[in-house]
């Protein structure tokens, strides 16, 4: 099989590329059928059932699905300040491996991303890494301290699409109100880390039967729902564009469902680990299962799946949160919360939602590509003629075993170690460039071979 | 039994084995020379990451009575304060050829964590609010000694269940052995969904004490008022404190138990604590025998043959290395 380096060399040198025989799934365009795609210098020139034209490079995608590039609107890249856990380079490489072409990274770095200079720093680093398009989410308040607004007009000018104090909630309701109002002025999305800190303080896991048995301090579901209720009402008050991050509870889903019925402009995400794991995992006292919001009960898990099914929850985001082994290898109560996810999202979502819960592949693409792009304002969230190609090619039935030691991410805090998942990313095209390929057949023309020899 | 991490993990048979083994050791403690060579050559490290006097002394005595070599390690003298990780600290101790680690730690789950990363056998001497298995075993031992059985007894556990590892271990132990357990406390001192552990929850003291064969009091820490769990210790003492009148609501020969240290005048009136129904000091004495049994069994010792002179009292132990 072709190595990634060789494939990348051919891809870069080819004037024309034919992606042949794949099954294109593009919910926004209403396509769900075998389609060939013809690229010229990374831009889509033709999409058709069968394209007979010769190309410099032919890529055989028989048996694989092609989707608009997957987007992850909630990741932590830890740079600047936490480079021992992850960097923009290693994080974008993890994104590409996991099938993502665009990611939005959260501002809880050290220092926090709250000025134009820091936004530009992230963009520059991402550009030189070149594995994924990285969109920094800027802090909504200076230093994420929850007091004063950030300079959102300037942030918007620098390329910011969303603001958030993620990692912590905006404690003060009046400040949150101003954030929603001011962000609306500059058409920025406000991502809410919905947590009432006075209810979650000291907690390490979901409050329920298992926290009782294990004697661990619990975080009640109400710590999330109280905050969601507040922010929904503030969105109603202000008309701001609100997005609720990492919804983990049954109550949260109910509140968002009600708000959507009332016509509130709100969107919401949940993360793969809430669909695959429950609070019972903490029985092991293994800190890899410590995450915030915490893994919830089996009933919450069911409610999240129902919320994804009926559209109450709009999309999946990994909340990829890298930590070093040293930080995680501690008493559960001392270890930081968070788990990595970009390299397992596709597998977990395919396994749980598609294979076990009966979601169609179309649903999956909607949750991982179409809706994330629509929510944050990426263009396009679809496979579009003329545009630089953003494509995710995956094998929905391919079974693989999760081995974090092989990840591109620097961190190893993955809760799915040794899981067998069906669904694997096989080829990623970001802005017309090849950023990931595994076991795909590349057929270069004689001309291309000579040229790259 | 490879480790003793919690009562939740134990089968009914394993619990009974510990209690039976403890009975053999209890006899040893009544002899003029209270020492057997059962763990000669075995090295036990008492690693205490949280202050403790009585549990540590009880373990140390148990170890000495078994002729084990012991080293003590407590947080004030340790390198934990120097930024060393728990794993490094403990692996260093193990590298000195320790066979058994008795661990007390402020964080729940540490004994399980150590069992995962060490070769030594682990005995949990209390981890956070999770479990305190040797305390529950000595309580079960004491109840069985006084009442002749555990199955069918009505046991009322009074007080701060939420923050109590003793309560959790006792709930597992008592229910596994067939007792009916009632928890009596205000809602703020009970953990959520605790009924699912197989117990009855009661808020009214009279109702909770009705027909109780055992009244088990938990220590109420004074911080609970500041933590917002209680309006005042005064109101707690008035509503849930045990005195003579209230004890009369239980059966006539109900035992009064307490894991110590007691807050006289809060959860228990002093005259009751020193009265004939209290078995609080017997609990302490039995603690040594039960801990001897736990140490002996995790070190690979065989339980005693029924009704014979214990064979475990001969020669040096094979686990010695």
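Just so it is clear, none of the values below were taken in a lab; they were calculated from the coordinates. Remember, it's a predicted structure, so these values are computed and weren't measured experimentally. Virtual Cβ from ideal backbone geometry, glycine too; neighbours counted across all protein chains shown.
Residue A:450 to residue A:84: FRET efficiency via 1/(1 + (r/R0)^6), r the Cβ-Cβ distance, R0 30 Å, to the nearest 0.05?
Step by step, r from the Cβ atoms, then E = 0.10.
Obtain the nm distance between the two label points defined at residue A:50 and residue B:85 by a simple spin-label model: each point lies 7 Å from its Cα along the Cα-to-C-beta direction.
Between residue A:50 and residue B:85, the label points sit 5.9 nm apart.
Taking the Cα centroid of region A:135-214 and of region A:16-90, what is the distance between the two, rounded to the nearest whole Å?
Centre-to-centre distance over Cα atoms comes out at 32 Å.
Ignore the peptide's own chain and count Cβ atoms of other chains within 10 Å of each Cβ in A:212-225; give me the average, rounded.
5
Taking chain B as the reference, fit the longest principal axis to its C-alpha atoms, fit the long axis of helix B:54-65 to the helix C-alpha atoms, and give the angle between the two in degrees, 0 to 90, nearest 10.
40
Based only on other Cβ atoms within 10 Å, what is the fewest-to-most ordering of B:202, A:59?
By the 10 Å Cβ count, ascending, the order reads B:202, A:59.
Quote the FRET efficiency, to the nearest 0.05, computed for residue B:12 versus residue B:193 with a Förster distance R0 of 30 Å and r equal to the Cβ-Cβ distance.
The formula returns an efficiency of 0.80 here.
For a footprinting-style exposure proxy, rank B:205, A:421, A:214 by other Cβ within 10 Å, fewest first.
Least crowded to most crowded, the residues run B:205, A:421, A:214.
At 222 nm, what helix-only mean residue ellipticity would chain B give, in deg cm²/dmol to the nearest 500, using -39500 (n - 2.57) for each DSSP H run of four or more?
-11000 deg cm²/dmol
Pulled fully out, how much extra length does the chain show between residue A:145 and residue A:41, if you take 0.36 nm times their separation in residues and subtract their Cα-Cα distance?
32.9 nm
For chain A, what does -39500 (n - 2.57) per DSSP helix run (n ≥ 4), summed and divided by total residues, give at 222 nm, in deg cm²/dmol to the nearest 500?
Computed ellipticity for chain A at 222 nm equals -8500 deg cm²/dmol.
Let me understand chain A better: what is its radius of gyration from the alpha carbons, and its Dmax, in angstrom?
Cα radius of gyration and Dmax of chain A are 21.4, 68 Å respectively.
May I ask for the distance between the Cα centers of region A:235-310 and region B:224-244, given as a whole number of Å?
38
At residue B:200 and residue B:239, where each label point lies 7 Å from the Cα along Cα→Cβ, what is the point-to-point distance in nanometres?
The modelled label-to-label distance comes out at 2.0 nm.
Between B:275, B:227, B:260, which gets the highest mean-square fluctuation from a Gaussian network model of chain B, Cα cutoff 10 Å?
B:227
Rounded to the nearest 5, what is the percent of antiparallel bridges among the DSSP beta bridges in chain A?
55
Mind sorting B:3, A:355 by how few other Cβ atoms lie within 10 Å of their own Cβ, fewest first?
Final ranking by Cβ density, sparse to dense: A:355, B:3.
How much length, in nm to one decimal, is gained on full extension between residue A:60 and residue A:201, taken as 0.36 nm per residue of separation minus their Cα-Cα distance?
That pair, residue A:60 and residue A:201, stretches by 45.5 nm at full extension.
Given a Förster radius of 25 Å and the C-beta distance between residue A:110 and residue A:325 as r, what FRET efficiency does 1/(1 + (r/R0)^6) yield to the nearest 0.05?
So, using R0 = 25 Å, E works out to roughly 0.80.
Put a dot 7 Å past each Cα toward the Cβ at residue A:283 and residue B:222; how far apart are the dots in nm?
A separation of 4.1 nm, rounded to one decimal place.
By how many degrees, between 0 and 90 and to the nearest 10, does the Cα long axis of helix B:165-176 differ from the longest principal axis of chain B?
With both axes taken from Cα atoms, the answer is about 90 degrees.
Measure nothing fancy, just the Cα-based angle from helix A:250-261's long axis to the longest principal axis of chain A, in degrees from 0 to 90, nearest 10.
70
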